[in-house]
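Visitor: This is the structure, below, for whatever I ask next.
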Amino acid sequence: MNKFNLEYFRPSPAFEYEARTPVCIPKLPFRIHPHPDRFAVVYLSYSDKKWMLVTPQVAEGRALSGVWRSELYEGVFGDGKPFLLPITLSDDPDFSSWGESLHDAVTIARRTWTVLEKDEHMRRHEPIANKAIKSRPEWLDWSLSDAVESAFRGRIVDIDSALLKPKKPRTCFHDEFEEE
């Protein structure tokens, strides 16, 4: 009997793992890139605790439910790790206050380190400037496109996506073959 060998599955030392850039509402102190062009308007969907980037063809064709027109802002945590802040743009009064409060946070976080406190009762995030952190943010030398590509690698919904394909029922069957 052959013995299972875990070494077979380990990456080679020469392989560099590219960590995915998180797309999140930060719980740690953060900054937002001060340049006004370091954000993008895109379509996003949230499913299974993951953000997905949706092509306009899918979103505007209404081929998928739960898609929002959104803004993505480039941010950085205190340890220098980048992230993208998603702000969904909604006309629904039950959700619009969340987005408005995140826009307030972006304004503050472009100037100083910021933390967010979630206020469920008021349905908003309360941005608070964190004056205790004096360090300057270290921005990665990459484009916003690079950040978005890193964040959504493998999570892009386009017209060929499996999410849009009807699920075929799984059946087992036996084909009959004709003998010659």
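Every read-out reported here was derived from the displayed coordinates using simple, explicitly stated rules and does not represent laboratory data. Here the structure is a predicted model, which is why all the values come from computation and not from measurement. Note that each Cβ is placed from the backbone with ideal geometry, even for glycine, and that neighbours are counted across all protein chains shown.
Visitor: Among the listed pairs Lys27/Lys50; Lys3/Lys50; Lys50/Lys118, give every one whose C-alpha distance is greater than 26 Å.
Guide: Lys3/Lys50
Visitor: Compute the signed sum of charges (Lys and Arg +1, Asp and Glu -1) over the other residues within less than 11 Å, Cβ to Cβ, of Trp68.
Guide: On the way: positive: Arg69; negative: Glu71, Asp91, Asp92.
Around Trp68, the surrounding residues sum to -2.
Visitor: Quick one: net charge around Ile128, please, counting Lys, Arg +1 and Asp, Glu -1 for every other residue with C-beta under 11 Å from its C-beta.
Guide: Net local charge, Ile128 excluded: -2.
Visitor: Enter the mean projected area of the convex hull around the alpha-carbon atoms of the range 20-67, in nm², rounded to one decimal.
Guide: Values: hull surface 18.8 nm².
Seen from a random direction, the Cα hull of the range 20-67 projects 4.7 nm² on average.
Visitor: Please report, in debye to the nearest 20, how large the charge dipole of the range 1-159 is about its Cα centre when each Lys and Arg carries +1 at its beta carbon and each Asp and Glu carries -1 there. Don't skip to the answer; put the middle values down first.
Guide: Values: 21 positive and 23 negative charges, 97 e Å.
Result for the range 1-159 is approximately 460 debye, rounded to the nearest 20.
Visitor: Right, another one. Taking a ≥ b ≥ c as the square roots of the Cα gyration tensor eigenvalues, with a/c under 1.5 meaning rounded and otherwise prolate when a/b beats b/c, else oblate, which class fits the range 25-157?
Guide: Cα axes put the range 25-157 in the oblate bin.
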